[in-house]
Structure formats: C-alpha cells, structure tokens
2 protein chains.
Amino acid sequence: MRLATWNVNSVRSRLDALVPWLAATRPDVVVLQELKVQQGEFPFAEIAMTGYQVALVGQKTYNGVAVLARQPIAVRATSLDDGADDPQARLIDCEVAGLRVVSVYVPNGGEPGSDKYAYKLQWLRRLRAWLDRTCAPCEALAIGGDWNIAPDDLDVRYPAAWKDTVLCTPEVRRAWRGLCQWGLCDAARAVHPEARMFSWWDYRAAGLERNDGLRIDHWLVTAPLRDRLVAAGVDQDLRHGDKPSDHAPVWIELAGGG
Amino acid sequence: MRLATWNVNSVRSRLDALVPWLAATRPDVVVLQELKVQQGEFPFAEIAMTGYQVALVGQKTYNGVAVLARQPIAVRATSLDDGADDPQARLIDCEVAGLRVVSVYVPNGGEPGSDKYAYKLQWLRRLRAWLDRTCAPCEALAIGGDWNIAPDDLDVRYPAAWKDTVLCTPEVRRAWRGLCQWGLCDAARAVHPEARMFSWWDYRAAGLERNDGLRIDHWLVTAPLRDRLVAAGVDQDLRHGDKPSDHAPVWIELAGGG
DNA sequence: GGACTGCCCG
DNA sequence: CGGGCAGTCC
C-alpha cells in the first residue's frame, strides 16, 4: 500500500493539481498540510468525486491538516490535546486501513531566536510527549507531514546557504533525532540511504530554477512498518506545472495491506 | 474601418482575453477603459506583439483610459484640461487614422444623491464644456467609452429594476441628450434603431445568467462619421469565456478610410 | 463577483 | 513569489 504526504499550500488553490494527482496516482492514504481553510469551506464534493474520504482539522488562513483515504477513516485526535492554549490546526491522528496515520504540520519557526522559533521547539517537545503518552513504538504508526526540518546536510542542496536557518539548526535536528530514538524511522532515508531527495523549493529567489531544494517533508514510521517498506520517492513533477505548491508530494510503499 | 470600445476592468488581468481578441478581430482603432494601471506598469510589450501602438493615461487602482491603433497615434489631450483639481484618468484625446478619437470613462456615480453622483453630473457638464471649447460638430470625431449611461429604457433589459439608479436617472439621460444635441450621434443606435443591445452585465446577482444587461458603452460620432456608418455591434462572447470583464466590446464600422 | 489596495506569512 | 486576509469600488 502507498502513503503520500503533501503540503498543498491552500487546498482550494491547489484543487486543479490535487484532483488529477489523486486520480493518477491513487495512493491508499494521503496526508495534507496547509489546507488554509476552515472545515466548512473545504472542497468536500470535489474530493469525494475522486473516491476519497476526508478527515480534517481546519483553520482560517493558516495551517489545517487532513487525512484522505479510499477506506473509512476513524479520527482519534485533532490536536496534541495536552491542555496547551494553542488554536493552531497542526495535527490529526486517524485510524485507517489498519494503520494509525497522523498528518502533522510542524511550525516553520521564522528566525532562530524568535518567538516563532521557541514555539517550534516547544511544539516538537509537545509532540514527543504526545508520542510517549498516546503511542507505542510497537504499533503500526505512520506520521507524515511537513516537518520543517532538514534532518541532515545531505537533505539540503546548498547546506552553507541554509546553515543555522530554522530548517537546519542543531536544535531542530536534535529534536528530530529524539523522535527517531523514540522508535520512529525516516522512511524515505531508510529506502535511499545516500540519495539527495528534495521536497521543497522556496517560491522566492527562484529556488526551483536554481534547484535550491531541501527535504523537509517526511514519513516517520514505527518498526512494524519499517519492516514492510519497499519503496519511497518524491513526485517532483508536481512542483513544476503551473500554480504549483512550493512542496512536492513524498510517498512510501509498504508491502502487503492492500 | 472599424472602431471598438471595451471597458476591460484591469488591463493586466484581461491580457489573456485582450490579446487574442485584438489578433482575431483586428479593429483599426480600439479605445479601452478601466485600465487600473499606472503608465509604467502597462503591458506594452504584449500589446506591441499584436501590432498595436498605444497611447494611454494611467492611474493606480482606478480608471485609466487608452487608445490603441495599428497606425501612429498623436495625443492631443489627457484630461478635460479645465483647471479642475481632478486627478482621475478618464479621458484621452488622440489623432489617429485621419480621425479624432477620444476614449472616455464617465464616472459611475455610486448612488443618486451621493458625492459620487454629483461628481458624475459635474464631469458630464465639464465634458460638454470641453466639446464646446475644443471640438466642432463638423470634424471627424468619434468618442468611445464606458459612459455609465443607459440612454433609454430600450437600453435596459429590466427597466423597472434599474429605474432611478445612476445609470438611468432623468438627469444623466438629459446630459446624454445634451451631448447629442451638441452634434454627436449614438452610432450603434443609429444603425439598429430598435435593437436591444447590451454591453454590460453586473458580476453580482448572476446578472449574466439572467441576461440582466444594459447598454452603457457607446460610440458617439459627429455627422461626418455618422454619414459613413455601415455597421455596429457588440462582441457578446467576450462577456462569456472565463475571467471575463463585466463589459463586452462595442464596435462600429465606417465606410472608407482603410 | 471580481478587480484593486495594503498587510501577514513562509 | 504566492498563498491568505480586510477594506474599497463598481
């Protein structure tokens, strides 16, 4: 079975790319980020036409995450649910196709040292606490999303240019390794230990033309799913075409399960 | 020779309609309104590609009028030039193809009784004074534009719905008749004395679907040109297609002259 | 409804 | 650069 993650940067302005992509690639499960839409404004009809069901947590203007699947989806949680006063729609936790599937949109972090950066680090700590509290490394768990973390310099086309930016600081990379130590595995990297795979090119400064890419969209999976991993990749063509998202979809393929 | 007038409602967002329309219909002279662009931001290169030269008076956000032609254009005036402190770009007066061609964008007028309505009536009085001062009924003069006047109930699909709106008040119709009495002739109406011809359908309230149209875009011509009139019409298809202007082009055909 | 103006965000 | 927003205009 195939799982895909895509930061669409507004689901409404990406519908004309999303619908054909779903129809052409038919992943079993899709997680989306940056819907930039409230639940009531989500284009349910257009997605239903493709044969996908939807579970989402929406928000006006910013954030918003969803799980799409061709099988029924049971929502387990729509927030980190830790009592924090945080209105940002950045996580949805679902049961679908025999898996526990989570869509996450990790805060970008603005600039190192900013309030936004503190929020990013805090959010990653809260996510780790949420894993400790509600998940187990032995269950079939896949967390896909825009992590806003390039785990290693191998994940950055021009590491010197991105050194100490919020996508690459030692602190966020340490948080990433903490998640891996908990029992999550960077699926695409496990399949392609040495490959330069990028999932995001900045709209600004002609990032795409200069292939100034980073790998910041990931699937993190627990051991039971890591053992079923057979393939992984990036649909780079989605970053080309017109009116693209700044992110390309990242997919993984698991043996069995449909 | 053929003259066309079109309120494009932003020349930049209408380029993909304007360029093919110029290429397909090749009018000798085109007058445009609501460019919504400063001179420096006008898409000169794209228009030049079609073989047209341009004279324009631009303004940020609002108004802006132009004359396009495949022959050289000599600009005579870019305002009513009556000493009024009026920064709005609503008139350009040119010499082209042996004619005097003027592009006008008459103020809409908001609501009857409003300041905007007073400005509309005042602008029409100033236009009449400008005619008296700078033009003569015996010269070959054609004034095309968005007049924001439906001269008669015949020019309104649902006259009761538009009665006493700023497009139809007795006062603006009186101003219109004053221009006709000066020596201008409503060209499209002269060619089609009884026809219901509409040039504008409101974006709102499904104006197009209900064919709730009005004829507010006109060519006014002096006697020498009236005597050469052979045809007139509206390119209604331009109001359909996607991302249309709310106005359709209105054209007239003169015998001789190219 | 669909242009525009800023402005915020990544 | 390319999403979103509110506010203004027609």
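Output wanted: per-residue J couplings in Hz (rounded whole) for the range A:217-224, from phi through Karplus 6.51 cos²θ - 1.76 cosθ + 1.60, θ = phi - 60°, x for Gly and Pro.
9, 9, 10, 10, 10, 7, 3, x
Which of A:A97, A:S79, A:N7 sits farthest toward the positive end of the charge dipole of the range A:2-254, with +1 on the Cβ of Lys and Arg and -1 on the Cβ of Asp and Glu?
A:A97
Report, for A:D82, each distance to the same residue's label point in the other copies, shortest first and in nm; define the point 7 Å along Cα→Cβ.
So the distances to the same position in the other copies read 7.1 nm.
Find every distance from the label point of B:D115 to the corresponding label point in the other copies (7 Å from Cα along Cα→Cβ) and write them in nm, one decimal, shortest first.
3.7
If you wrap a convex hull around the C-alpha atoms of the protein assembly as shown and split its volume per residue, what is the figure in Å³?
Per residue, the Cα convex hull of the protein assembly as shown comes to 190 Å³.
Please report, in cubic angstrom per residue, the volume enclosed by the convex hull of the alpha-carbon atoms of the range A:116-258.
On the way: hull volume 17.5 nm³, N = 143.
Expressed per residue, the convex hull around the Cα atoms of the range A:116-258 is 123 Å³.
Compute the FRET efficiency between B:A129 and B:V75 as 1/(1 + (r/R0)^6), taking r as their Cβ-Cβ distance and R0 = 30 Å, and round to the nearest 0.05. Write out the running numbers ahead of the final one.
Values: r = 21 Å, r/R0 = 0.68.
After rounding, the FRET efficiency stands at 0.90.
Can you work out the FRET efficiency for the pair B:R174 and B:Q53, with r the C-beta to C-beta distance and R0 = 22 Å, to the nearest 0.05?
Once the sixth-power term is evaluated, E becomes 0.05.
Based on Cβ point charges of +1 for Lys and Arg and -1 for Asp and Glu, what charge dipole magnitude is obtained for the range B:2-254 about its Cα centre, in debye rounded to the nearest 20?
On the way: 30 positive and 33 negative charges, 34 e Å.
Around 160 debye, computed over the range B:2-254.
Please give the charge dipole size of the protein assembly as shown, origin at the Cα centre, charges +1 on K and R Cβ atoms and -1 on D and E Cβ atoms. Round to the nearest 20 debye.
Numbers: 60 positive and 66 negative charges, 2 e Å.
Computed charge dipole of the protein assembly as shown: roughly 0 debye.
Residue of B with Cβ nearest the axis relating B to A, plus distance in whole Å?
B:K243, 7
Rg/Rh for chain B: what does it come to with C-alpha atoms and Rh from Kirkwood? Don't jump to the answer; show the numbers that get you there.
On the way: Rg = 16.7 Å, Rh = 18.1 Å.
For chain B, the value is 0.93.
Under the convention of a label 7 Å out along Cα→Cβ, give the distances in nm from B:E209 to the same position in every other copy, shortest first.
The projected label point of B:E209 is separated from its counterparts by 4.2 nm.
Could you count how many Lys pairs in the protein assembly as shown have their Cα atoms under 17 Å apart, skipping same-chain pairs fewer than 8 positions apart? If you can, show how the numbers build up before the last one.
Values: A:K36/A:K60; A:K36/A:K243; A:K243/B:K243; B:K36/B:K60; B:K36/B:K243.
For the protein assembly as shown, the number of qualifying lysine pairs is 5.
Rounded to the nearest Å, what's the spacing between the alpha carbon centres of the range A:35-109 and the range B:168-236? Just the number, please.
Between the Cα centre of the range A:35-109 and that of the range B:168-236, the gap is 54 Å.
Where a number appears in this text, it was derived from the coordinates with a stated rule and is not lab data. Predicted model only: the values in this text are computed from it and were never measured. Note: ideal-geometry Cβ built from the backbone for every residue, glycine included; neighbour counts use all protein chains shown.
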